[in-house]
């Protein structure tokens with residue numbers, strides 16, 4: 001049994017904690033939270049041991065009737081692997097604490113690439129993570145692009161990729177964040193950070209990304225334009241490549257899916273935890289090849305796509321399972337179909 | 001004096017009517033409207049003669065205290081040129097009436113290309129429209145792309161263009177139209193109609209467009225990716241080409257413009273009618289060349305960018321002014337800076 005702790009219980013942390021709790025080869029020792037809110041209440045109802053970030057935080061849990069397990073160091077002493085799901089750049093501050101204990105840590109994509117030895121996407125570079133102490137599960141957009149570009153690269157060779165990312169501006173639990181009725185270039189300059197970030201996983205693929213925020217709360221929408229090395233690739237062959245690849249979902253307007261709202265509603269029908277969608281959704285009918293360039297639309301559920309990667313990264317660093325064993329186990333427990 | 005009528009008084013029609021009324025060489029004979037609403041009231045206050053679409057419509061104006069000038073045919077008999085700003089595909093139904101009278105007509109981009117002899121963008125093909133009976137002022141997105149791609153093509157040669165268009169989903173006067181919190185692929189398939197439409201103006205430029213609707217009411221946001229024929233083109237040369245081209249506006253994040261909301265607020269400061277922006281706004285800092293491909297962001301005010309084209313088209317079909325004379329006069333009267 002791999003003993004796992006999760007530091008941070010926001011959008012990613014609570015999902016990773018639930019996913020870890022479902023793994024037959026892992027034990028969720030506890031989770032770290034700053035304060036006793038509705039998320040803490042539900043975590044306690046699930047039987048998770050809560051840890052505070054400092055004395056004040058621990059006291060606030062006691063005052064609210066919880067029995068906290070201590071602080072981050074107390075949790076660390078009881079685990080083999082800590083998943084750091086703290087807010088952007090906070091992970092970097094915890095790294096020294098993790099390093100001293102010798103415990104393995106999985107950071108998130110909000111941290112800089114150089115916080116870890118490997119920027120990780122299971123189907124791209126699982127074996128690179130074996131035996132390492134620090135791994136970074138890359139961000140939602142980077143995970144989606146890595147899975148799909150790697151698939152195209154393996155099948156046909158990718159000469160160059162250009163991506164326009166329309167980003168959901170805020171998560172569903174951020175009711176005060178904007179914009180309303182505006183497209184915010186983020187950044188105004190090109191490329192956005194996403195292109196270089198994909199290259200931390202797939203260093204040999206030339207890629208330029210452009211990104212802006214739009215008034216939505218769910219899914220990033222990618223417009224993908226890829227020059228292929230192989231000549232004469234057909235739309236059908238691309239569809240087949242995506243069908244055969246793990247953790248990529250093809251959706252169709254024939255099934256009435258024409259919008260990100262449809263994709264998320266479809267995901268809720270799948271019956272997974274929180275209505276999450278762990279795969280990027282690619283519209284089958286959008287796949288088009290013009291003069292050697294492949295075009296398609298892809299939607300990415302920003303809250304959940306990195307969850308399977310976090311689970312696989314835990315097995316990769318401990319060397320407890322092969323890539324195919326780990327991905328199969330993660331897929332089965334999370335309800336991922338391929 | 002060119003006698004002009006405007007059939008339709010929606011988003012485009014009311015703007016074209018105001019623009020025509022400002023031209024020293026034109027007389028606005030009247031406008032056609034279906035019913036007496038707030039737009040009719042303001043038109044009457046401006047001294048415009050209102051015409052109805054049929055007897056019932058004319059009666060509704062009389063009942064509301066107006067003195068309508070008659071129906072569409074009555075207006076037609078008094079003009080040299082009719083600007084058809086009726087809703088999408090309605091123009092096609094009027095074409096036979098216009099044809100019979102021999103009067104020249106300017107249609108809008110919502111109509112099919114083959115409704116007219118020329119799909120018109122002043123700086124691209126003014127002279128082609130001379131002496132023709134039927135002209136189509138192309139849509140807002142096509143106008144913006146034609147102006148900018150033509151500029152790049154003249155300066156450096158355009159090998160291929162790929163555009164992702166995030167479309168405002170509804171106009172400010174459509175309070176019930178969605179979506180809320182969704183990205184709607186429109187269409188799911190690639191290319192969208194915009195690429196072929198640009199080719200009605202610039203037939204020799206290979207172009208692929210992808211389009212979706214987002215929850216905003218102002219400006220389409222274009223992410224433009226253009227392969228250039230000339231090698232080694234720098235960002236500065238592209239900036240200069242846009243600076244020298246007519247009816248293109250460069251905006252800068254240094255001036256605090258980082259979002260479409262900023263562009264529209266800037267436009268209101270310019271003091272033009274309705275706060276309109278007749279130029280596509282290109283972010284200077286977004287212009288980037290990577291491996292012979294130029295990238296930039298461009299915002300398009302969907303309600304107003306076609307207005308100068310409609311005015312110039314009136315002069316082009318009547319042969320009353322050269323391209324440079326007409327564009328200069330239109331620019332001056334509308335407050336367009338270059």
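The values are calculated or read from the model by the stated rules, or taken from the named source; none is laboratory data. Nothing here was measured: the structure is a model prediction, and the numbers come from that model. Reconstructed Cβ throughout: ideal geometry from the backbone, glycine too, with neighbour counts over all protein chains shown.
Across region A:252-286, which residue is nearest to residue A:237 (Cα to Cα) among those that are more than 10 Å from chain B (Cβ to nearest Cβ), crowded, with 17+ Cβ neighbours inside 10 Å and free of Cβ contacts under 8 Å to residues at least 24 places away in the same chain?
So, considering only residues that are more than 10 Å from chain B (Cβ to nearest Cβ), crowded, with 17+ Cβ neighbours inside 10 Å and free of Cβ contacts under 8 Å to residues at least 24 places away in the same chain, the one nearest to residue A:237 (Cα to Cα) is A:266.
Determine which single condition residue B:127 fails, assuming it passes every other condition in (1) surrounded by fewer than 24 Cβ atoms within 10 Å (Cβ to Cβ); (2) in contact with a helix residue (DSSP H, G or I) (Cβ under 8 Å, 6 or more places away or on another chain); (3) within 14 Å of another protein chain (Cβ to nearest Cβ).
Looking at each condition in turn, residue B:127 falls short on (3).
Given the options A:269, A:279, name the one that is farther than 15 Å from residue A:145 by Cα and touching a helix residue (DSSP H, G or I) at 6+ places or on another chain (Cβ under 9 Å).
A:269
Test residue A:317 against the stated conditions and say whether it is within 14 Å of chain B (Cβ to nearest Cβ) and at pLDDT 95 or above.
Judged against the criteria, residue A:317 is not a match.
Just wondering, is there one or more residues in region B:154-175 that are surrounded by 19 or more Cβ atoms within 10 Å (Cβ to Cβ), out of contact with any strand residue (DSSP E or B) (no Cβ under 6 Å at 6 or more places or on another chain) and closer than 27 Å to residue B:105 by Cα?
No, region B:154-175 contains no residue that is surrounded by 19 or more Cβ atoms within 10 Å (Cβ to Cβ), out of contact with any strand residue (DSSP E or B) (no Cβ under 6 Å at 6 or more places or on another chain) and closer than 27 Å to residue B:105 by Cα.
Taking helices (runs of 4 or more DSSP H) that fall entirely within region B:121-204, which contain at least 2 residues that are more than 23 Å from residue A:225 (Cβ to Cβ) and at pLDDT 95 or above? Spell out how you get there, then give the answer.
On the way: elements: B:122-125, B:140-156, B:194-201.
The helices (runs of 4 or more DSSP H) meeting that bar are B:122-125, B:140-156.
Test of understanding: among A:208, A:224, A:289, which residue is within 11 Å of chain B (Cβ to nearest Cβ), touching a residue at least 40 places away in the same chain (Cβ under 8 Å), within 28 Å of residue A:311 (Cα to Cα) and surrounded by 18 or more Cβ atoms within 10 Å (Cβ to Cβ)?
A:224
Looking at region B:297-338, which of its residues are outside any helix (DSSP H, G or I) and over 25 Å from residue B:211 (Cα atoms)?
Within region B:297-338, B:319, B:320, B:321, B:322, B:335, B:336, B:337, B:338 meet the criteria.
From the list A:56, A:103, A:67, A:41, exactly one residue is at pLDDT 95 or above and closer than 23 Å to residue A:312 by Cβ. Which is it? Steps first, answer last, please.
On the way: A:56 fails: closer than 23 Å to residue A:312 by Cβ; A:67 fails: closer than 23 Å to residue A:312 by Cβ; A:41 fails: closer than 23 Å to residue A:312 by Cβ.
None of the other options fit; the residue is A:103.
Here is a check on your reading of the model: is residue B:214 surrounded by 21 or more Cβ atoms within 10 Å (Cβ to Cβ) and either touching a residue at least 12 places away in the same chain (Cβ under 8 Å) or more than 14 Å from every other protein chain (Cβ to nearest Cβ) (or both)?
Spelling it out, residue B:214 is indeed surrounded by 21 or more Cβ atoms within 10 Å (Cβ to Cβ) and either touching a residue at least 12 places away in the same chain (Cβ under 8 Å) or more than 14 Å from every other protein chain (Cβ to nearest Cβ) (or both).
Which of the numbered conditions does residue A:21 fail, given that it passes all the others? Conditions: (1) within 19 Å of residue A:330 (Cβ to Cβ); (2) in contact with a helix residue (DSSP H, G or I) (Cβ under 7 Å, 6 or more places away or on another chain).
(2)
What is the number of the single condition among (1) surrounded by fewer than 19 Cβ atoms within 10 Å (Cβ to Cβ); (2) in a helix (DSSP H, G or I) that residue B:3 does not meet?
Exception for residue B:3: condition (2).
Would you pick out the residues in region B:227-239 that are within 11 Å of another protein chain (Cβ to nearest Cβ) and either without any contact (Cβ under 8 Å) to a residue 24 or more places away in the chain or within 13 Å of residue B:149 (Cα to Cα) (or both)? Even if it seems obvious, please write down each step before you answer.
Of the residues in region B:227-239, the ones within 11 Å of another protein chain (Cβ to nearest Cβ) are B:227, B:235.
Listed by number, the list holds a single entry, B:227.
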